[in-house]
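Structure first, commentary second.
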Amino acid sequence: MKALKTFVGALGLIVPLALASQPAAAEDSLKVAIGQINNWENQAPTLGQDAGIFKKHGLVLENVGTQGAGETLQAVISGSADIGAGVGTAGIMRAFSKGAPVRILAPMFTGTGDLFWYVRADSKIHSLKDTTPETTIAYSTNGSSSNNIVVAFIQELGAKARPTATGGPPGTLTAVMSGQVDIGWAAPPFGLQEIKDGKIRIVARGSDVPSLRGQTVRNLVVNANALKTKHDAIMRFMDAYREAVDWMYADPKAVEMYSAKIHRPIEMLKESMAKFQPKEALQTDHFADLDGAVRDAVKLKFLTAPLTKAQLAELLQIPPRKK
């Protein structure tokens, strides 16, 4: 009996030691492609990871910047990225209608008030009415929300300019200032200092297009195969993403981190958030004005016919927010 008690006692010591020696559960890795990675509205994956929010949910993100939504969408379609951030709605619908393995994981930005179009201060162009067929007007990449808005400028507002893909805001500004492009595009805070310094003038805003003001225009997208094989990790990604957005607007540390990251004054960033990127625009719970988005995708020739209810049910894979 004494021998048995000794054995049991020893076993009691061995089991905890064995458990303690096991390595901690590995974090799941997800690759996230982000168009315009330095824009404030795209910061949840990057700042959230820096703040430890995704780690808390058992995730480590490989965040990769792209030149815009078209490039982001291709990365997701090909499977080289699990998730894409900042992809225009019309471009997603077009790819999905052609059988691409892409789904909308969540709305990311509602409305178009954060984007503006500008010219050099010495330009003769003062509004879209001054454009001609020879005028070049910038957007980032095909399928992006800036692409969608430029097409709407032409079809809805009567602009006569020629759409020109220029990539991100920094390259676009160089093209405008060097005379290669007449009208550039930007998303605050980029361009705000140049406006204050009198180097550029705003000639149009995304919010000038009535049909797009209340729509979800940019989204988080997910590779359909990844959604099946990495479902649990992707659901945790959404929990962490939503937590990161809440943190970005609640904790002053987030703006301080962002300021250090992009080398812009904190007060300018706060002004940009208040004027161009209010928190409600970053809501992730419901797709705003879905019928209007489908209608506009057809009108702007991203779709040849409206998506059916069954197609939309398959396209939209927005998980409910946890209570």
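Kindly indicate the residue of the range 64-89 that is within 21 Å of Pro169 (Cα to Cα) and in a helix (DSSP H, G or I) and also most open to solvent (accessible area, probe 1.4 Å) among those meeting that condition. Selected residue: Gln74. Answer with yes or no whether Val203 is over 21 Å from the mean Cα position of the chain (by Cα), more than 25 Å from Leu61 (Cα to Cα) and buried (at least 20 other Cβ atoms within 10 Å of the Cβ). Yes, satisfied.
Residues that are closer than 17 Å to Arg295 by Cα, open to solvent by 20 Å² or more (accessible area, probe 1.4 Å), over 19 Å from the mean Cα position of the chain (by Cα) and of a type outside the set (Gly, Ala, Ser) occur at least once in the range 141-152.
Number of residues in the range 171-189 that are open to solvent by 40 Å² or more (accessible area, probe 1.4 Å) and under 22 Å from Ser207 (Cα atoms) equals 1. Taking the range 158-269 as the region of interest, the strands (runs of 3 or more DSSP E) fully inside it that hold 3 or more residues being within 30 Å of Ile77 (Cβ to Cβ) and among the polar types (S, T, N, Q) are 216-223. Among the residues making up the range 282-323, those that are under 20 Å from Ala240 (Cβ atoms) and open to solvent by less than 50 Å² (accessible area, probe 1.4 Å) are Leu282, Gln283, Thr284, Ile318, Pro319. The lone criterion from (1) of a type outside the set (Asp, Glu); (2) in contact (Cβ under 8 Å) with a residue 24 or more places away in the chain; (3) open to solvent by 70 Å² or more (accessible area, probe 1.4 Å) left unmet by Met273 is number (3). The requirement of being in contact (Cβ under 8 Å) with a residue 60 or more places away in the chain and among the hydroxyl-bearing types (Ser, Thr, Tyr) is fulfilled somewhere in the range 92-100, by at least one residue. Within the range 94-133, the set of residues being among the hydroxyl-bearing types (Ser, Thr, Tyr), open to solvent by less than 20 Å² (accessible area, probe 1.4 Å) and assigned to a loop (DSSP other than H, G, I, E, B) comprises Thr112, Thr131. If the condition is being aliphatic (A, V, I, L, M), in contact with a Phe, Trp or Tyr (Cβ under 9 Å, 6 or more places away or on another chain) and within 15 Å of Pro107 (Cα to Cα), then the range 178-221 contributes Val217, Leu220.
The values are calculated or read from the model by the stated rules, or taken from the named source; none is laboratory data. Keep in mind that this is a model prediction, so the values were computed, not measured. Glycine gets a Cβ as well: all are built from the backbone with ideal geometry, and neighbour counts include every protein chain shown. Quick note on the areas: whole protein, heavy atoms, side chains included, nothing else; ligands and nucleic acids left out. Shrake-Rupley method; radii C 1.70, N 1.55, O 1.52, S 1.80 Å.
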